[in-house]
Amino acid sequence: MKSSMASVTGMNGTCSSPGTPSSPGRRRGKKAGKGMRMVLTERFMYMLIAAVFRRKGILLFAPLLYISGMLMYMGTLNLEVVPEGVGVTIFRRKPVAVGSVYRSPKVFEKLWPYMQIDGGNTSLAFAKAWHSKPGQSWKPCASRKVTQAELPNSNGFLIVEANGGLNQQRLSICDAVAVAGLLNATLVIPRFHLNSVWRDSSKFGDIFDEDYFTERLRNHVRIVKELPEEVFQRFDNNMSNIMNLRVKAWSSKTYYLQKVLPKMLEFGAIRIAPFSSRLAHTVPSEIQGSRCFTNYDALRFSQPIRALAEKMVDRMLKNSSMSGGNYVSVHLRFEKDMVAFSLCVYDGGKDEKREMDDARERSWRGKFKRPHRVLKPGSVRMNGKCPLTPLEVGMILRGMGFDNTTSVYIASGKIYKQEKYMEPLRRLFPRLETKETLASEDELASFKSHSSRMAALDYTVCLYSDVFFTTQGGNFPHFMMGHRRYLYEGHARTLNPDKRKLVLALDNPDISWMKFKHHMEDLLHRSDSKGIQIRKPDASLYTFPMPDCMCQQKE
């Protein structure tokens, strides 16, 4: 029994009887077991050494990782490294860049008592605002002495679809007239695209005087209200069957003659939709002449708009009796979407940030959350890209010498947090007017649900003001400056401050009233000096009508 047990355990190679001599088979099993243990040991040692070496590699990179982490941490805290003696370095917060933070309310608190004492002189401010220079007086000369009978035969019908707001529609209409003249085409009264932003269902005749438009342009281009029935039948009375050409933006005269005209001759009618900014700025003078005449003569607002707008202008003039009938108009771009899109930060704290984030996501889904997108509101403000607040508008005007008797008209959409932001402007200028205060609810009833018609009222009141103040870019101020140049002997009479310089003056709560006034008067002087400007080759004649639409008067 004992020998059987010893035999079994010996075969397993795990134990042996101490008193039993080993056989040759047992010796071979023992050597094999020892070899296996050596292999396992070698593998274990290799893994251990490899791990040590890997750990040493990590240790070699540890200082670099540590330094990188510290730099990232300091970046979040806005820290800077400052040497303090030999071998000594300290960290401290970086100073905030001048002009990167909205500090206007603090500046206002400091200057408000001085504004009340100084007051200003509105009549003097109006008198000093604009200066005509010898040899720089211009007069309109956009005309064409051709009879309708002399117009060349029509090559076909041009149908365009204008999109956007009031002034983008205006641009499309003027360009459509110019293209129709270039192609010797018959223009169908432009159709308006129902824009998802503006949501205005108005047709051409609701905003512009259709009959006047057709009559004034009768010697420039043939115009019809609708596509003739016999032509429409060729397309099965279906507008979508008419070829829609996708014309690239800012296309040249050559492009239209080589690419568009052959299609018109082939099919007899073509569509171009959308038609916003589809004609180059620089084209031959006869085409520019059509643009000029359309914009400044043929394109006037419809009778209902003109009637109410004229009443509003008359009321502004009467309200401005203390300043000789002169008033200031301001195009104030401080709607929620405008503030959100600018990325600028004001003084609303966490509530403002949440509202702006929600507005951006609602209107521009994901645009501002892309991985590569870095939001730098401070840089935006320093570059003069932030919309001016109502408070800043009031401070600028008071600094320029306009006192609290000045009548001010505000053209705008719905102001962001209106009660909060409009209150200081009303304190600075109690004689403040808007569409809603200048016209009654009954008078505005047929306009309120149509953004382009409301914008036309603003446009008219701003057009006839002695001073127009633009606070942000866009089609409205660009068209307004050009139209005012056309009316006022070439001078835009527009306050268009350099906002990169403006943010510096509005950043210092310790600035003196006299120094602040000096800065504002300098901004006024710069606007005056740039009031008369000749169009450069790539600029729009809707902003710079000289010399295409106006001729210089001889002294």
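The set of residues from the range 318-361 being basic (Lys, Arg) and under 20 Å from Pro105 (Cα atoms) comprises Arg333, Lys336, Lys350, Lys353. Report, by residue number, each residue of the range 227-245 that is in a loop (DSSP other than H, G, I, E, B) and within 34 Å of the chain's Cα centre (by Cα). Passing the criteria: Met243, Leu245.
Cβ-Cβ distances below 7 Å connect the following pairs, each with a first residue in the range 468-486 that is closer than 16 Å to Ile534 by Cα, a second residue that is of a type in the set (Val, Ile, Thr), and a separation of six or more residues or different chains: His478/Thr543; Met481/Thr494; Met481/Thr543; Gly482/Thr543; Arg484/Thr494.
Scanning the range 448-484 for residues that are buried (at least 21 other Cβ atoms within 10 Å of the Cβ), of a type in the set (Gly, Ala, Ser) and not in a helix (DSSP H, G or I) yields a count of 1.
Results for (1) among the small types (Gly, Ala, Ser); (2) free of Cβ contacts under 8 Å to residues at least 60 places away in the same chain; (3) touching a Cys at 6+ places or on another chain (Cβ under 8 Å); (4) more than 17 Å from Val160 (Cα to Cα), shown as yes or no for each residue.
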position: Val179; (1), (2), (3), (4): no, no, no, no
position: Thr186; (1), (2), (3), (4): no, yes, no, no
position: Leu194; (1), (2), (3), (4): no, yes, no, no
position: Arg199; (1), (2), (3), (4): no, no, no, yes
position: Ile223; (1), (2), (3), (4): no, yes, no, no
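Within the set Asn244, Asn238, the sole residue that is surrounded by 14 or more Cβ atoms within 10 Å (Cβ to Cβ) and at negative phi turns out to be Asn244.
Tell me, yes or no, whether the range 519-531 has at least one residue that is open to solvent by 40 Å² or more (accessible area, probe 1.4 Å), in contact with an Asp or Glu (Cβ under 8 Å, 6 or more places away or on another chain) and not in a helix (DSSP H, G or I). Looking through the range 519-531, none of the residues is open to solvent by 40 Å² or more (accessible area, probe 1.4 Å), in contact with an Asp or Glu (Cβ under 8 Å, 6 or more places away or on another chain) and not in a helix (DSSP H, G or I).
For every residue, the table says whether it meets (1) over 24 Å from Pro284 (Cα atoms); (2) modelled with pLDDT under 95.
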{"position": "Gly164", "(1), (2)": "yes, yes"}
{"position": "Asp175", "(1), (2)": "no, no"}
{"position": "Asn184", "(1), (2)": "no, no"}
{"position": "Asn195", "(1), (2)": "yes, yes"}
{"position": "Ile207", "(1), (2)": "yes, no"}
{"position": "Val224", "(1), (2)": "yes, no"}
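Ile511 meets all of the listed conditions (1) β-branched (Val, Ile, Thr); (2) closer than 27 Å to Leu463 by Cβ; (3) touching a residue at least 40 places away in the same chain (Cβ under 8 Å) but one, namely (2). In the set Ser277, Ser302, Ser251, Ser323, only one residue is in contact (Cβ under 8 Å) with a residue 24 or more places away in the chain and under 30 Å from Leu428 (Cα atoms); that residue is Ser323.
Number of residues in the range 307-326 that are in contact with a helix residue (DSSP H, G or I) (Cβ under 8 Å, 6 or more places away or on another chain) and either modelled with pLDDT under 95 or farther than 28 Å from Cys551 by Cα (or both) equals 12.
Only one of the listed residues (Asp548, Asp510, Asp538) is within 25 Å of Ala280 (Cβ to Cβ), among the acidic types (Asp, Glu), out of contact with any Leu (no Cβ under 9 Å at 6 or more places or on another chain) and in a loop (DSSP other than H, G, I, E, B). That residue is Asp538.
Answer yes or no as to whether Gly490 is in a loop (DSSP other than H, G, I, E, B) and more than 22 Å from the chain's Cα centre (by Cα). Yes; evaluated as a whole, the condition is true for this residue.
Scanning for something open to solvent by 60 Å² or more (accessible area, probe 1.4 Å) and either under 12 Å from Asp175 (Cα atoms) or β-branched (Val, Ile, Thr) (or both), does the range 258-279 turn up at least one residue? Among the residues of the range 258-279, not one is open to solvent by 60 Å² or more (accessible area, probe 1.4 Å) and either under 12 Å from Asp175 (Cα atoms) or β-branched (Val, Ile, Thr) (or both), which makes the answer no. Hey, any hits in the range 96-104 for a residue that's part of a helix (DSSP H, G or I), modelled with pLDDT of 70 or more and either under 19 Å from Thr214 (Cα atoms) or of a type in the set (D, E, K, R) (or both)? Within the range 96-104, none of the residues are part of a helix (DSSP H, G or I), modelled with pLDDT of 70 or more and either under 19 Å from Thr214 (Cα atoms) or of a type in the set (D, E, K, R) (or both).
Of all the residues in the range 263-277, those that are in contact with a strand residue (DSSP E or B) (Cβ under 8 Å, 6 or more places away or on another chain) and either at pLDDT below 95 or of a type in the set (Ser, Thr, Tyr) (or both) number 4. Among the residues of the range 291-322, the ones that are more than 21 Å from His450 (Cα to Cα) and open to solvent by 10 Å² or more (accessible area, probe 1.4 Å) come to 10 in all. Looking across the range 211-221, just one residue is farther than 26 Å from Ala280 by Cα and touching a residue at least 60 places away in the same chain (Cβ under 8 Å), and that is Tyr212. When residues in the range 361-410 are screened for being touching a residue at least 24 places away in the same chain (Cβ under 8 Å) and either over 27 Å from His518 (Cβ atoms) or open to solvent by less than 70 Å² (accessible area, probe 1.4 Å) (or both), 34 of them pass.
The values are calculated or read from the model by the stated rules, or taken from the named source; none is laboratory data. Since this is a predicted model, take the numbers as computed values, not measurements. Because the Cβ atoms are built from the backbone with ideal geometry, glycine has one as well, and the counts that use them run over all protein chains shown. Ligands, DNA and RNA are stripped out before the accessible areas are found, and what is left, the full protein with its side chains, is counted by its heavy atoms. Shrake-Rupley method; radii C 1.70, N 1.55, O 1.52, S 1.80 Å.
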